[in-house]
1. Tell me which residues, restricted to region 79-99, are open to solvent by 40 Å² or more (accessible area, probe 1.4 Å) and over 19 Å from Ile35 (Cα atoms).
2. Taking region 100-138, which residues are under 23 Å from Trp73 (Cβ atoms), open to solvent by 40 Å² or more (accessible area, probe 1.4 Å) and among the aromatic types (Phe, Trp, Tyr)?
3. Examine region 60-77 for a residue that is of a type in the set (Lys, Arg) and closer than 30 Å to Ser154 by Cα, and state whether such a residue exists.
4. In region 28-50, how many residues are surrounded by fewer than 20 Cβ atoms within 10 Å (Cβ to Cβ), closer than 22 Å to His76 by Cα and touching a helix residue (DSSP H, G or I) at 6+ places or on another chain (Cβ under 7 Å)?
5. What are the residue pairs meeting all of these: first residue in region 25-52, first residue farther than 17 Å from Ala84 by Cα, second residue open to solvent by less than 60 Å² (accessible area, probe 1.4 Å) and among the hydroxyl-bearing types (Ser, Thr, Tyr), Cβ atoms under 7 Å, and 6 or more apart or on different chains?
6. Here is a list of conditions, (1) crowded, with 19+ Cβ neighbours inside 10 Å; (2) under 24 Å from Ala102 (Cα atoms), and Arg150 meets all of them except one; can you say which number that is?
7. Just wondering, is there one or more residues in region 47-57 that are in a helix (DSSP H, G or I) and either out of contact with any strand residue (DSSP E or B) (no Cβ under 8 Å at 6 or more places or on another chain) or within 16 Å of the ligand (Cβ to nearest atom) (or both)?
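The values are calculated or read from the model by the stated rules, or taken from the named source; none is laboratory data. Not measured: the values here are computed from a predicted model. Every residue, glycine among them, receives a Cβ derived from its backbone with ideal geometry; neighbour counts consider all protein chains shown. Each accessible area value is taken on the protein alone, full model and side chains, heavy atoms only, with ligands, DNA and RNA left out. Shrake-Rupley method; radii C 1.70, N 1.55, O 1.52, S 1.80 Å.
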Amino acid sequence: MKVRLGAGDALLLVDVQSDFLPGGSLPVPDGDKIIPTLNRYIGFFQTHDLPIFATRDWHPKNHCSFLQRGGLWPPHCIAETQGAAFPDSLELPPDAHIISKATSPEKDAYSGFDGTQLHALLQSFGIHRLFVGGLATEYCVLNTVKDALRYGYSTFVLQDAVRAISVLDGLKVLEEMERLGAILIHYEMLIHGSDFQPAAD
Ligand SMILES: [Zn+2]
């Protein structure tokens, strides 16, 4: 299968933040390995003048998901800290649209759509197909993909640009996302160069 990109397509990066990379406070094993591939996708979307969106966990210091509050996770992605920042190695363009989530103390959000303006923003850009990569496969990527499908987006999962906390769970949820209607692709499936023709609206 080959995938031709065109108007109405957008790249959506999920939580590619320093705390989720090796060396961070909640590292996804080999999370850094997807960055060169994400940069290729970013370059592709930029070259073809297609919009790029990036979600980020953006927690207050006393967020309910943290262990000291009875949550599941060590403190991570506290707003304005280095750990919450996108890594320097990620070549996010200045005009990428950033969506902060789980910003209030009492509510967590795995999905980029949960409690954010993401859907409205995508609608305002006329987006109907989403290409989703990032971290971690079985948490924020899975929940973002489920919501994208629920909202009616044709949803592609960049299987060469996601990583799971548990490799086994990651494989299972890739199958689950496919069962739910997502399409798993890898970079080589995008149609490149002179073969590329923007779709008509
Ligand atoms: Zn979080």
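1. Correct list: Glu80, Thr81.
2. Once the filter is applied, which keeps residues that are under 23 Å from Trp73 (Cβ atoms), open to solvent by 40 Å² or more (accessible area, probe 1.4 Å) and among the aromatic types (Phe, Trp, Tyr), region 100-138 yields only Tyr110.
3. Pass one, region 60-77, residues of a type in the set (Lys, Arg): 61, 69.
From what's left, closer than 30 Å to Ser154 by Cα: none.
No, there is no match, as no residue in region 60-77 is of a type in the set (Lys, Arg) and closer than 30 Å to Ser154 by Cα.
4. 0
5. Filtered contacts from region 25-52: Thr37/Tyr187; Arg40/Tyr187; Tyr41/Tyr187.
6. (1)
7. Scanning region 47-57 turns up at least one residue that is in a helix (DSSP H, G or I) and either out of contact with any strand residue (DSSP E or B) (no Cβ under 8 Å at 6 or more places or on another chain) or within 16 Å of the ligand (Cβ to nearest atom) (or both).
Quick grid of which residues meet (1) over 26 Å from Gly126 (Cα atoms); (2) in contact with an Asp or Glu (Cβ under 8 Å, 6 or more places away or on another chain); (3) hydroxyl-bearing (Ser, Thr, Tyr):
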residue	(1), (2), (3)
Asn39	no, yes, no
Phe44	no, no, no
Pro60	yes, no, no
Trp73	yes, no, no
Ala79	yes, no, no
Ala84	yes, yes, no
Lys101	no, yes, no
